[in-house]
1. So how do VAL99, VAL71 line up by other beta-carbon neighbours within 10 Å, fewest first?
2. Which parts of segment 122-138 would a label at THR206 reach, counting a residue when its backbone N lies under 18 Å from a point 7 Å out along Cα-to-Cβ?
3. Normalised by the residues of the chain, what does the relative contact order come to in percent, with Cα pairs under 8 Å and at least six apart?
4. Spelling out what I want: for every residue of segment 60-73, take phi, set θ = phi - 60°, compute 6.51 cos²θ - 1.76 cosθ + 1.60 (Karplus), and round to whole Hz; glycine and proline get x.
5. Can you give the angle from 0 to 90° between the axis of helix 222-231 and the longest principal axis of the chain, with both taken from C-alpha atoms, to the nearest 10?
6. Springs between alpha-carbon atoms under 10 Å, Gaussian network over the chain: tell me which of ASP52, ASP227, ASP131 tops the mean-square fluctuations.
7. Cut-off is 10 Å between beta-carbons; in what order do VAL44, VAL256, VAL153 appear when sorted fewest neighbours first?
8. Could you give the angle, 0 to 90 degrees to the nearest 10, between helix 80-92's Cα long axis and the longest principal axis of the Cα atoms of the chain?
Amino acid sequence: MKTTHRFKLAAAAAVIGLSFSALGATAATPNAPATPDTSKPSVVIVHGAFADGSDWAKVIPLLQAKGLHVVAVQNPLTSLEDDVAAAKRAIDAQPGKVVLVGHSWGGSVITEAGANDKVASLVYVAAFAPDAGQTSAELGKDYPPAPGFAHIVADASGFLSLTKEGMSKHFAQDLPASATAVMTATQGPILGKSFEQKLPVAAWKTKPSWYLAATADHMIPPALQLDMAKKIGAHLTRVNSSHVPQQSQPAKVAEVILDAVRQSK
């Protein structure tokens, strides 16, 4: 009986060993993220309103595959100060230099948070790029209202969100309905007063910047995006997409970020 028991234990150990070997082989597949290269800047991504960090789920693996360490900030969306503080914590946690990326409202956040000495460059993706002393809301005052604005609703506490129609037809009109349904359910409402807060500093005045303009955007007018990119002296790339090119054309967005990484010191 003892011999039989030892045989069963040995057989079980062999099976477990094979299982762990198989897991190890899976982890070593070419599709696994590359080991982060600490000689390169980290990438810190700041999402916009009506979204959360998962909005970047298609771009992050493309950056990780190039050996980059990537962090997606989860904005509280309760004020400009709160969102900037969240971005600064993420920046400070990185071991070295940072390429700071912002989408939409996140552009206002990185414009202030990017003044951090660790930030090497800024990447704006269909994003606001205010000047010091300017609010995000006033950026569009000289442009026709974006179609998506008509689908923003406020709750009793002043937090803004997008309707289902606004998400599917104006925020992400180039994504399938199955995707926009999830985006509607997981969106991050933003306190409306945040757009009325003035920025104390504009990091793009001292940091090299990249701007990816979405030419089919229904949330931030494409003409405004092009004018902001010109004003801040950014390296400009155009992409024919909705307000969320990081979801509809992630490879093009990743390439802009990678270009900033390559040129950052």
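1. Ascending number of Cβ neighbours within 10 Å: VAL71, VAL99.
2. Of the residues in segment 122-138, 122-123, 130-134 have backbone N under 18 Å from the label point off THR206.
3. Result for the chain is 21 percent.
4. Values per residue, Gly and Pro as x: 3, x, 5, 6, 4, 5, 8, x, 9, 8, 10, 10, 9, 6 Hz.
5. It works out to around 90 degrees.
6. Sorting by GNM fluctuation, first place goes to ASP227.
7. VAL153, VAL256, VAL44
8. Taking the Cα atoms of the chain, the angle to 80-92 is about 40 degrees.
A short reminder: the numbers here are calculations on the coordinates, not readings from a lab. Bear in mind that the values here come from a model prediction, so they are computed numbers and not experimental data. All Cβ positions, even for glycine, are placed from backbone atoms using ideal geometry, and neighbour counts span all protein chains on display.
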